[in-house]
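**Student:** Please find one structure pasted underneath; my questions will follow.
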Amino acid sequence: MVAKETLSQIKKDVESYIGEEIYIKSNAGRNKIINKRGTIDSAYANLFVVKENDSNRKFSYSYADVVWIHLKSQKWMMDNL
């Protein structure tokens, strides 16, 4: 289980990227990887919404999912070089 402080920090980080284009790489189990590119549309108390660029579909993720999903934007990559 993820510590409450860790989830609070993840939420702050995700909120700072609202409107930013991101790349999501998630593990779908049994050696299956799903790659998506989108924009963080909104953030709520327990989840955030990503709008996929290709199809305009929206996907929601809980902040606990971020432990298993890599969020990378150009801004993030520049900040962490």
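The values are calculated or read from the model by the stated rules, or taken from the named source; none is laboratory data. These numbers come from a predicted model, not from an experiment. Cβ placement follows ideal geometry from the backbone for every residue including glycine, while neighbour counts extend to all protein chains displayed. Surface areas here come from the heavy atoms of the whole protein model, side chains and all, with no ligands, DNA or RNA. Shrake-Rupley method; radii C 1.70, N 1.55, O 1.52, S 1.80 Å.
**Student:** Enumerate the pairs (first residue in segment 2-16 and closer than 21 Å to ASP41 by Cβ; second residue anywhere and surrounded by fewer than 13 Cβ atoms within 10 Å (Cβ to Cβ)) with beta-carbon separation below 8 Å, excluding pairs fewer than 6 apart on the same chain, so at least 6 apart or on different chains.
**Tutor:** Going by the 8 Å Cβ cut-off, the qualifying pairs are ILE10/VAL67.
**Student:** Do any residues in segment 20-49 that are acidic (Asp, Glu) have Cβ atoms under 9 Å from those of residues that are modelled with pLDDT of 80 or more and not in a strand (DSSP E or B), where the two are at least six apart or on different chains, and which pairs are they?
**Tutor:** GLU21/ASN53; ASP41/ILE18; ASP41/GLY19
**Student:** Among the residues of segment 20-33, write down those that are in contact with a strand residue (DSSP E or B) (Cβ under 9 Å, 6 or more places away or on another chain) and surrounded by fewer than 12 Cβ atoms within 10 Å (Cβ to Cβ).
**Tutor:** Scanning segment 20-33 gives ALA28, ILE33.
**Student:** Ok, one more. Quick one: would you say GLY38 is modelled with pLDDT of 80 or more and either surrounded by 14 or more Cβ atoms within 10 Å (Cβ to Cβ) or at positive phi (or both)?
**Tutor:** Yes, satisfied.
**Student:** Checking MET77 against (1) at pLDDT below 85; (2) open to solvent by less than 40 Å² (accessible area, probe 1.4 Å): exactly one of these is not met. Which one?
**Tutor:** (2)
**Student:** Right, another one. Restricting the search to segment 1-19, which residues are loosely packed, with under 15 Cβ neighbours inside 10 Å and assigned to a loop (DSSP other than H, G, I, E, B)?
**Tutor:** Selection gives MET1, VAL2, ALA3, ILE18, GLY19.
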